[in-house]
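Enquirer: The structure that follows is given in the form of structure tokens.
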Amino acid sequence: MYQIPKIEFPINDPVLLFSIMLFIILLSPVLLRKLRIPSLIGLIIAGVIIGPNGFNIISLDARVELFGKIGLLYIMFLAGLELDLNNAIKNKNKSIVFGALTFLIPIFVGFPICYYFLKLDLTASLVVASMFSTHTLVAYPIASRMGVTKNEAVTIAVGGTIITDTAVLLLLAFITSAHKGELNYQYWIQMLISCVLFGVFIFLFVPYFAKKFLKYIEGEKASQFIFILAIVFLAAYISHLIGIEAIVGAFFAGLALNRLIPHKSDLMSKVEFVGNALFIPFFLISVGMLVNLKVFLLGQRAIVVAVTLTIVAIFVKWLAAFITQKIYKLSAPQRRIIWGLSNAHAAAIMAVAVTCYKLGIVDENILNGTILLILVTCLVASFITENASRQLALENIALSKNKIDERILISSTAEENYQWMLEMAIAIKDNINSNPIYPLAVIEDNDNAKEQIISDKKSIENILNNIKFPLDNSSIITRIDYNKVSAISRTVKEDNITDIIIGWTNKQKTTDLLFGSFIENLSESVWQNLYATQLSNTPVAIKNIYIVFPENAEFEYGFRHLVDKIFMLIATNKASFEIYASQSTLDFIEKEKLIQKDLISKGKYILFHDWSDITQVVYKNKPEDLLILVSARKGTISHQLELDKLPEKIAKLFPISNFIIAYPEQKKSKIEESLIQANDIDTTHINQNLKRFDRLRKKLKEVFKK
């Protein structure tokens, strides 16, 4: 009789081991992100749980170490590849000064603290002090969303990253050589010659040969990718041969190939995808397997080390930003944004910590403390950058007054709602716009897809023939995809869509709690104007429109276009309207003359601030009424915590009603570092609590005055 083989721990079967690792990579970031824990920390925690210091499910053997080593090299390669060299060169002198400050100050401040207070030896003190010098541009996407990346301060911070990370890695090479007892006059001669030859190879031979090779095999994407990987690992191995850590070679390989791989190219997408999906998560899990949380229970030493490292890391970066501000006479928000961008530690510090731990230079207290340092500094960096970026944006943001070449897409599953959504699209369509309206049908990829395409097209054509508004032209688009968000996102890119109208559904699925709702995922995937609509009646019947704007809505990139669409609907229906907004938003609408003269008298303008009590809006919920709530994507200048739960709240308050949740267009943010995603660390809750404390403080102040 066949017996099922027993599973022994730690697991040795390579197939089962690989399967478990992949499921961890898949699920741990999703689960922990719900707890506001970034994916980087989530994967490390998973490694702690399954590792030899946890439940001992998987041992840290040669197989895991191999993938971990590849991931470590890949992190440093991407760090060099994704740096914006062109941006850094524009302000190279200021970037060099800040880079020097943010490298030297942490060492001069950190070394005595590590040596005298933490009682580390000379080599370990120098290593830990150099770790303070590194930084990762985790918070850059926040600055990008706020539209302040062209600010001088942001350019200085980005340029300084190249200087300080390069200097730290070179210093690491000398420290590790000294630790091995290799520092003598022969070493210096050999190192000098080797570095010159390595520099010639990396910065002259590699770019020249890569340019020719990539051009020769331009159509063979797989070969291009394999070639890039081969260069990275060859550079890492040569670096190791000449006595420098392999991560230095991988980093320089990224710098050498930086200009040859455009940031928006297919090749860059493949390089990032493989690293983010496989190699880097393996490395982070392997780091977690090294961590031993039991040391925190054995005494105060581990806690003291972790807290000290974190406090010193935050302080030295503030000091470097403060001195830079004074030298170049920058403003306070500019100082804060430099501090915020340079405060986060992730990629380089992890590489240095793991390398030195494996060499025995630092102990597990330092490794564990580094994990805490990463979590805290990433959170602090995001918070500081968001607030500084918001202030810079309010001071300097320039709003475009140009008309855009609008293209409206409609996607819905409810047939009746589809007709009303089409009528809504026609009502807000600019009369001088000759582009068609694009109804989209998303078909599930299965054996019946071909028949379903024909059926859905015929169904949409029937709806088009029955609509009450005159339609000049339309272009039905069909997409076969497993995922509706993916289908809409691809269509938006390929057809240059500017406005997306989707149907609202208040049906909550179990998967929504884990992976987010359809609207949440779509708003993070597309950055154009997005309208989630619930219509219980044809738009022709709408006579009263209530519009609610969040504070600072006028500073959003797509504000003008969104207001233009709203007032096209008002004009088409000859409807009366009420605007609920802050004084600054109402003043902006009046100053910029966003309302047609003949419509001004039909409206009421009401001051509104408290989104936690949406019932303040006098919405009568009749068939001829429409409520338009202007929301905002997370991390943008007008986003508030209350906006996240607003759709569900409205659906419960007005289950049978007409309403639109509108998201104005945003500038898409570029993720500069692959370790942490833009929305991994959400500072909205912190900001919101600070606002509540501020309101409470003001109320108490008024009470005491009385």
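The values are calculated or read from the model by the stated rules, or taken from the named source; none is laboratory data. Quick caveat: nothing in here was measured; it's all calculated off a predicted structure. We place every Cβ from the backbone using ideal geometry, glycine too, and count neighbours over all the protein chains shown.
Enquirer: May I ask you to list the residues in segment 268-288 that are more than 17 Å from the chain's Cα centre (by Cα) and among the charged types (D, E, K, R)?
Expert: Once the filter is applied, which keeps residues that are more than 17 Å from the chain's Cα centre (by Cα) and among the charged types (D, E, K, R), segment 268-288 yields only 270.
Enquirer: Within segment 566-618, can you find the residues that are out of contact with any strand residue (DSSP E or B) (no Cβ under 9 Å at 6 or more places or on another chain), closer than 23 Å to residue 533 by Cα and not in a loop (DSSP other than H, G, I, E, B)?
Expert: Matches in segment 566-618: 568, 571, 572, 615.
Enquirer: Return yes or no: is residue 604 over 28 Å from residue 521 (Cα atoms), over 33 Å from the mean Cα position of the chain (by Cα), of a type in the set (D, E, K, R) and at pLDDT below 75? Step through it out loud before you land on a result.
Expert: Numbers: over 28 Å from residue 521 (Cα atoms): yes; over 33 Å from the mean Cα position of the chain (by Cα): yes; of a type in the set (D, E, K, R): yes; at pLDDT below 75: no.
For residue 604, the condition - over 28 Å from residue 521 (Cα atoms), over 33 Å from the mean Cα position of the chain (by Cα), of a type in the set (D, E, K, R) and at pLDDT below 75 - is not met.
Enquirer: Please enumerate the residues belonging to segment 237-269 that are closer than 22 Å to residue 188 by Cβ and in a loop (DSSP other than H, G, I, E, B).
Expert: Once the filter is applied, which keeps residues that are closer than 22 Å to residue 188 by Cβ and in a loop (DSSP other than H, G, I, E, B), segment 237-269 yields 242, 243, 244, 245.
Enquirer: Would a scan of segment 405-412 turn up a residue that is basic (Lys, Arg), at pLDDT below 80 and more than 30 Å from residue 342 (Cα to Cα)? Steps first, please.
Expert: Of all residues in segment 405-412, those basic (Lys, Arg) come to 407.
If we keep only those that are at pLDDT below 80 as well, we get none.
Looking for residues that are basic (Lys, Arg), at pLDDT below 80 and more than 30 Å from residue 342 (Cα to Cα), one finds none in segment 405-412, hence no.
Enquirer: Continuing with this model, one more query. Is segment 22-42 home to any residue that is in contact with a Ser or Thr (Cβ under 7 Å, 6 or more places away or on another chain) and modelled with pLDDT of 80 or more? Lay out the reasoning, then the answer.
Expert: First, the residues of segment 22-42 that are in contact with a Ser or Thr (Cβ under 7 Å, 6 or more places away or on another chain): 29, 33, 42.
Filter once more, keeping what is modelled with pLDDT of 80 or more: none.
Looking through segment 22-42, none of the residues is in contact with a Ser or Thr (Cβ under 7 Å, 6 or more places away or on another chain) and modelled with pLDDT of 80 or more.
Enquirer: Is it the case that some residue within segment 211-219 is among the basic types (Lys, Arg), in contact with a helix residue (DSSP H, G or I) (Cβ under 9 Å, 6 or more places away or on another chain) and either modelled with pLDDT of 80 or more or assigned by TED's automatic domain parsing to the domain that holds residue 68 (or both)?
Expert: If we filter segment 211-219 for residues that are among the basic types (Lys, Arg), which is where we start, we get 211-212, 215.
This time we only want the ones that are in contact with a helix residue (DSSP H, G or I) (Cβ under 9 Å, 6 or more places away or on another chain), so: none.
Scanning segment 211-219 turns up no residue that is among the basic types (Lys, Arg), in contact with a helix residue (DSSP H, G or I) (Cβ under 9 Å, 6 or more places away or on another chain) and either modelled with pLDDT of 80 or more or assigned by TED's automatic domain parsing to the domain that holds residue 68 (or both).
Enquirer: OK, next. With the requirement that a residue be crowded, with 24+ Cβ neighbours inside 10 Å and either within 22 Å of residue 255 (Cβ to Cβ) or not assigned by TED's automatic domain parsing to the domain that holds residue 327 (or both), what does segment 146-157 give you?
Expert: Across segment 146-157, the qualifying residues are 154, 156, 157.
Enquirer: To continue, here is another question. Checking residue 231 against (1) assigned to a helix (DSSP H, G or I); (2) more than 30 Å from the chain's Cα centre (by Cα), which test does it fail?
Expert: (2)
Enquirer: In segment 478-503, what residues are without any contact (Cβ under 8 Å) to a residue 40 or more places away in the chain and under 20 Å from residue 459 (Cβ atoms)? First the steps, then the outcome.
Expert: First, pick out the residues of segment 478-503 that are without any contact (Cβ under 8 Å) to a residue 40 or more places away in the chain: 478-483, 486, 489-490, 493-494.
The answer is 478, 479, 480, 481.
Enquirer: Okay, moving on. Please note which helices (runs of 4 or more DSSP H) are completely contained in segment 67-136 and include at least 2 residues that are in the same structural domain as residue 153 (by TED's automatic domain parsing) and modelled with pLDDT under 85. Walk me through it before giving the result.
Expert: Numbers: elements: 85-90, 92-112, 122-133.
Once the helices (runs of 4 or more DSSP H) in segment 67-136 are filtered for at least 2 residues that are in the same structural domain as residue 153 (by TED's automatic domain parsing) and modelled with pLDDT under 85, what remains is 85-90, 92-112.
Enquirer: Right, residue 157: more than 30 Å from residue 554 (Cβ to Cβ) and at pLDDT 80 or above or not?
Expert: Working: more than 30 Å from residue 554 (Cβ to Cβ): no; at pLDDT 80 or above: yes.
Here the answer is no, as residue 157 does not meet what is asked.
Enquirer: Tell me yes or no: at least one residue of segment 562-584 is without any contact (Cβ under 8 Å) to a residue 12 or more places away in the chain, β-branched (Val, Ile, Thr) and under 26 Å from residue 406 (Cβ atoms).
Expert: The answer is no; no qualifying residue exists.
Enquirer: State the number of residues belonging to segment 302-349 that are more than 16 Å from residue 392 (Cβ to Cβ) and either among the aromatic types (Phe, Trp, Tyr) or in contact with a strand residue (DSSP E or B) (Cβ under 8 Å, 6 or more places away or on another chain) (or both).
Expert: 3
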